[in-house]
Amino acid sequence: MASRLKPHPNQLKQPKQIQYFFLEEHMSTNDVEKVVKIIEDIKVGMLTTRSGENLLSRPLTAVQVTDDGDLWFFIATESEIAQEVAKDRNINISFSDKTSWVSVRGIAEIVRDVGKKEELWNPAVEAFARGGAKSPNVALLHVSSESAEYWENPGGPVSLAASWVKHKLTGEQAHPGDSGVVDL
């Protein structure tokens, strides 16, 4: 699956040469693989669902990330997450650590297939989802990822500080890391 890189909406407000630099800089990388690797390394994301007029975020651990960026999680069938997804399947889930960040927009569905639950079951799940993969109280949350936005800064906070200082001294635009928008 080929990824299509688009400029971040904030970049559309910037001069064209910066927008062009942004696109050219990232076209040679495999952005989908980068997003998948970030998620696999971090594992715990903050899932955001809609509850009435409000947005709610909760941590969930990804038990599988597919090559095209789809995500799988275990949830309780009677949880607030399950109830909210039943009403509005549009979700966002973000993952971050000290040097990487990714935000995934997608469509969620509740999956009760015992075979798939057994395939993804692992000892860590048992602590949160009692009753085993065959339990009717345990379901999978499958997120069909539609797009992701990522940012990486291998130098961490020190690199950010150095980039800020360079900007203040030279007036040059700061480029402290790698970022992009990916259609999944």
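The values are calculated or read from the model by the stated rules, or taken from the named source; none is laboratory data. Predicted, not measured: the structure shown is a model, and the values here were computed from it. Note that we place each Cβ from the backbone using ideal geometry, even for glycine, and neighbour counts take in every protein chain shown. Surface accessibility is based on the protein's heavy atoms, side chains included, excluding ligands, DNA and RNA. Shrake-Rupley method; radii C 1.70, N 1.55, O 1.52, S 1.80 Å.
Which aspartates and glutamates, on any chain, are close to K116 with Cα under 16 Å apart, when same-chain ones fewer than 8 places away are left out?
D70, E126
Work out the FRET efficiency for T77 and E119 from their Cβ-Cβ distance, taking R0 = 22 Å, and round it to the nearest 0.05.
0.75
Can you give me the % of accessible surface on the stretch 69-133 that is carbon or sulfur? Probe 1.4 Å, all protein chains present, nothing else counted.
50
Rounded, prolate or oblate: which fits the stretch 96-137 when a ≥ b ≥ c are the square roots of the eigenvalues of the alpha-carbon gyration tensor, with rounded for a/c under 1.5 and prolate only if a/b beats b/c?
oblate
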